[in-house]
Each structure stands twice: as C-alpha cells, then as structure tokens.
Amino acid sequence: MVNSPASVLDYFSIVDCSYHCQGREAMELERHNGTMANSNDMVKITNLSSSIDADEARLRQLGYKQELKRGLSGLSNFAVSFALISVLMGITTTYNTGLRYGGPVSMTIGWLVVSFFTCCVASSMAEICSAYPTSGGLYYWSAKLAGKEWAPFASWFTGWFNIVGLFGGTTSVNFSLAQLIQVIILLSTGGANGGGYMASKYLVLGFHGLILISQGIINSLSIKYLAFFGYLGALWNFLGVFALMILIPTVATERASAKFVFTHFNTDNGDGIHSSVYIFVLGLLMSQYSLTGYDVSAHLVEETKKADQDGPKAIITSVGLAVVTGWMYLVAITFAATDIPYLLDTSNDAGGYAIAEIFYLTFKNRYGTGLGGIICLGFLSGAAYLCGVACVTSNSRMAYAFSRDGALPFSSLWYRVNREEVPVSAVWLSVLVGFCMALPSLGSQVAFQAMVSIATIGQYIAYVTPIVFRVTLGRKSFVPGPFNLGKYSILIGWVAILWAVVITVLFSLPVAYPITKDTLNYAPVAVGGVLVLCISSWFWSARFWFQGPKTNVNVNV
C-alpha cells in the first residue's frame, strides 16, 4: 500500500538478501511503500531470521509462500535441464528430417546457425528468470513486464502456450522412445529383411503408456531422487556423446570424407521440393527441436537454492553444453552416413530409421552381426527415457504454478503437494494428458505430428512472449536481477524475437508437393488451434475472472 510502512518480511529481504538481489528489492519497495520498516518491525526481524532465508523472502515478495521443498543446488537444476534438452534423444529421433532436407550441410552447418539464435533466446530468458524466480516462469514474467492493464491477458496467453507446448513435448519425447523400442525389437529379431517383428501401433501406444506411468512414479518421489535422475540424465548424455562419436566412426568400415560431411547438400528428398533455400530451412527443424526444453530451469527455481543466480546459470550452461556436444555427435555420426538414399529407404532393415540403420550396419559390416549397434540404440533409449523424466518434471511444475493462479480447469485438484512437498497431482495430470495426446497416432501419423508440432513452435512462442514485453512495455520498468545482459539486453531480445517469428513461419511451410491430406503440414493447424482456443476462451470467459498471477501470501502483514 502506498505510503504505508514496509512489512517486516520486506525489510528482512532488503537486509538479508542484498547479496543475491543486489538492491533490487530496496528499489522496488522504496518505490511502492515509500518508507522503511518501523521500530516494531525491527524487533521482529531477529525472530524471523532463523526461519526464513533469502530465497524464501524473495519468493514472498513475488507473492508466494514456500510450498515446494527447496532441495536443488544450481548443479542439480542444470542437470535436469541438460537431461531434458538431451541432444542424444533430439538428434536421434529427428535425424531423418535433417538427412532428407539438405543432408550433411543442413545438419552440421544448420546446427551452428540454430545454436546462435537459440543462445540469444536462452540469454534473454535467463535475464528475466533472474529478476522473477518463480516456478510459473514464462507466464509470470509476462504479467510482470506487460504492466497492470495487459498483465492478465499476457499471462493467460503465455501460460497456455507454455503448458500446451510442454504437454506436446512430454508426448513427443516418450512416443518417440516407444517408436525407437519398436525399431530395436525389429532389429533384434532379424530386421525388416530377415523376418523381424514389427510391433503394431497399438503395442507402440502401450509402450508409450507404460513409459509415462513409470516416469510419473519417479516424479512422485522426493526431490532428492529427482535430483539423482537429473544428474544421471546429464551424465548419460555427456558421456554418451563422447562414447558414440569415437565408437561409430572407428568401427565403421566405410567413412565419408570431411568434404562430404561439411559441404554435401542433399536435394534428393523425394517430396517434390527443389529449392535449395527451402530445403535447407526445412532441415533446420532437426536442430531446433533438439535445442528446446531449457525452460525447465525456470520452472524449478522455487526448488533451487540461490534461485535468482543459479536458475539463470542453469539455462545458459545447459544450452551452451548442448550446443557443443550436439554438434560433435552430429558430425561423428554423419561420417558414417555414406549412402543417404539407402538410409532413408523404408525397405532397409531398420524400416527407414536412419540412425538405427547406421548403427546396425556399422557393426554388421565389421563383425558380421549388428548386435553392437542394437546395444548402442539401447543406450540411446536410456537417454530418451531420462529426457522424458525431465519433461514430466517441467510439465508438472508448470501445471502446479498455473493451477496456483486458478488458470487450469479444476485448479484446486492440480494445486496440491504431498508430504514430500511434491506436486503429485500435477505430475499425474502431465502423465494423463501426455498419453491422451498420443491417441491420434492410432488413426493417422499425420494427425499425431500435428498434435506434437507445438512442442517446438508453441514452446518458442511462449519463450519469446515475455521477451517481447521486456523490450517494449517493460523496457523502462524492468529491474534486472544478479544475472543481466547489461547494455546488450535489448539488442539480444530483439534478435530472439525475430528468430521465433522466423521459425514459426518456416516450420509451418509445406514439407512435400503436391499438397494432399497425407502430405499437408498440420503444424499451423495445431498451433492456430491453440491460438484460437486461447484467445476465444479469454474473451468469452477468462477476462471476467482471471487476473493473472495471484498471491497466496500477504506480504504486508
């Protein structure tokens, strides 16, 4: 309240959080409250200091009480983020796209292009995360930066794209893992040309369901176990990249030249597309899909110590390490991709699954058996599974935070924590929706791809929306946290925004000609559907009751 004494919690935060917050709270409180704490407040500080720390004090200033267990270190937060990005999983499951559209050039050179712009997006997100360390993440940032008039709609728009994108990511990762298991079974039983068993679409969906249930169980455990799986996922991906980048080229009896890996451009995509520029940009989807999901660091900040410093650091370091290790993995595997048409041919032993065929042939040509390649695929499955665990983690924290502010249907149900201080209801909501979003695969793979396309496009729309408000409406009012971009903040923010616009357009373009119901790119249909539902529900209903992030603690008492 203007011109009223500052609360004891506000004053405590100024005194005890100065190292983490660098005077941010002092400036904000002076602007809003006008005066410092009175003598009675001073007396209370001694009693409060033993029960509240800097992170909790800052969270209370942002309007929330500490309900999740703050048991993650900055390293743990980074590990979960790196495990979720999982370049092993992302590249493996989308390698066909890169190989088909441009081949080696669109993958090795395209990766560097996408990495530069992704780092701009991640840096801008990290800066805002440092200023507002809450598990709501993106939608909370939009509300704070858009100003009082626009805050409710900005929060609603960002939150729905974020959570639907996270649901799509959980679905795509785990269904892709189920499909990889299908290929492993096929190769283990003789391959497509040796009478191997191809699991039906119903069995694949069953694999998907069992994977999700097991990940739900893991995410229902205490945060210390989740930290363990985060470390395991990060280590798995890091060591896996180095193991495979040495193993596959070494075992391969035939290797492509460096000229092929860095300069060969594949225009023979079989989809009626002949423009080199068009082909190249379609191939970028592999890289961009692989470098998505790092917003999990923001969703975990209420469970992270020194959140306003270590949350942003986790975003930057996880993306940076993914950029380096992903490029190394891509280059190494592409040295073994000597016959692109055969690798993409559905009549090969792996049924056209390019990386699986590369691994299988690499060992079969050297040792007469593809067992070594199958083992490598099993290792990749482990990386994909741990990525899925992290996806459910990120998804559940966003669902918990969005429900805390009343935005989801039946919010009171999802906004619950168990005795381990884990949002267990939100965990199982993520599992349920992740399964339901895969059901269209029974009818059509095209329909299913439309459902999961928002895992990339939808997420990046959510990523840049608060950045838009940061460089426009919130340009003067934004008070940076310990991590900030200084004088380059606005420039990097605009680069991030322009890149999100570019990929939204590019990844909505047709991927085959002539366009039919079986070749149409349904990504704009899926994303457009979310946009229409989001805006229509706002005007018909939400604008009358949704006020954006709402506090659950009275900081003036």
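The values are calculated or read from the model by the stated rules, or taken from the named source; none is laboratory data. Just so we're clear, the structure is a prediction, and the values are computed from it rather than from any experiment. Methodologically, a virtual Cβ is constructed for each residue, glycine included, from the backbone with ideal geometry; neighbour enumeration extends over all protein chains shown. Just so you know, the surface numbers come from the protein's heavy atoms only, side chains and all, with ligands and any DNA or RNA stripped out. Shrake-Rupley method; radii C 1.70, N 1.55, O 1.52, S 1.80 Å.
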Those residues of the stretch 404-419 which are surrounded by 14 or more Cβ atoms within 10 Å (Cβ to Cβ) and of a type outside the set (S, T, N, Q), in sequence order: Arg404, Asp405, Gly406, Ala407, Leu408, Trp414, Tyr415, Arg416, Val417
Residue in the stretch 380-392 that is more than 13 Å from Met89 (Cα to Cα) and touching a residue at least 60 places away in the same chain (Cβ under 8 Å) present: yes
Whichever residue in the stretch 152-203 is over 27 Å from Tyr463 (Cβ atoms) and among the hydroxyl-bearing types (Ser, Thr, Tyr) and, among such residues, is surrounded by the most Cβ atoms within 10 Å (Cβ to Cβ): Ser188
Looking only at the stretch 204-214, and only at residues there that are surrounded by fewer than 18 Cβ atoms within 10 Å (Cβ to Cβ) and without any contact (Cβ under 8 Å) to a residue 60 or more places away in the chain, the one that is farthest from Ser396 (Cα to Cα): Gly206
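Residue-wise test of (1) open to solvent by less than 10 Å² (accessible area, probe 1.4 Å); (2) of a type outside the set (A, V, I, L, M).
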residue	(1), (2)
Tyr385	no, yes
Gly388	yes, yes
Phe402	yes, yes
Gln445	no, yes
Ala462	yes, no
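Output yes when any residue across the stretch 97-113 is at pLDDT below 80 and part of a helix (DSSP H, G or I), and no when none is.
no
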Positions within the stretch 244-270 being closer than 30 Å to Pro514 by Cβ and either aliphatic (A, V, I, L, M) or within 30 Å of the chain's Cα centre (by Cα) (or both), in sequence order: Phe265, Asn266, Asn269
Residues being part of a helix (DSSP H, G or I) and open to solvent by 10 Å² or more (accessible area, probe 1.4 Å) - total across the stretch 290-331: 12
Leading residue by the ranking (nearest to the chain's Cα centre (by Cα)) among those in the stretch 382-405 that are more than 15 Å from Ala298 (Cβ to Cβ) and hydroxyl-bearing (Ser, Thr, Tyr): Tyr385
Within the stretch 234-274, tally of residues that are among the acidic types (Asp, Glu) and open to solvent by 70 Å² or more (accessible area, probe 1.4 Å): 2
Residues within the stretch 134-151 that are touching a Pro at 6+ places or on another chain (Cβ under 9 Å) and either open to solvent by 10 Å² or more (accessible area, probe 1.4 Å) or part of a helix (DSSP H, G or I) (or both), tallied: 10
Which listed residue is more than 22 Å from Ala143 (Cβ to Cβ), over 21 Å from the mean Cα position of the chain (by Cα), hydrophobic (A, V, I, L, M, F, W, C) and in a helix (DSSP H, G or I), from Val511, Val446, Val502, Val495: Val446
Meets criteria (open to solvent by less than 50 Å² (accessible area, probe 1.4 Å) and within 30 Å of Pro482 (Cβ to Cβ)) for Gly352: no
Pair list, Cβ < 9 Å and 6+ apart or interchain, from the stretch 512-539 residues that are under 16 Å from Ala455 (Cβ atoms) and without any contact (Cβ under 8 Å) to a residue 12 or more places away in the chain to residues that are open to solvent by less than 50 Å² (accessible area, probe 1.4 Å) and part of a loop (DSSP other than H, G, I, E, B): Gly528/Ser508
The stretch 524-557, residues that are at pLDDT below 85 and charged (D, E, K, R): Lys550
Residue within the stretch 335-354 that is touching a Cys at 6+ places or on another chain (Cβ under 9 Å) and either outside any helix (DSSP H, G or I) or of a type outside the set (Phe, Trp, Tyr) (or both) present: no
Residue match in the stretch 449-460 (condition: modelled with pLDDT under 90, within 20 Å of Trp156 (Cα to Cα) and part of a loop (DSSP other than H, G, I, E, B)): yes
Total residues in the stretch 355-365, condition under 14 Å from Asn193 (Cα atoms) and either assigned to a loop (DSSP other than H, G, I, E, B) or of a type outside the set (D, E, K, R) (or both): 2
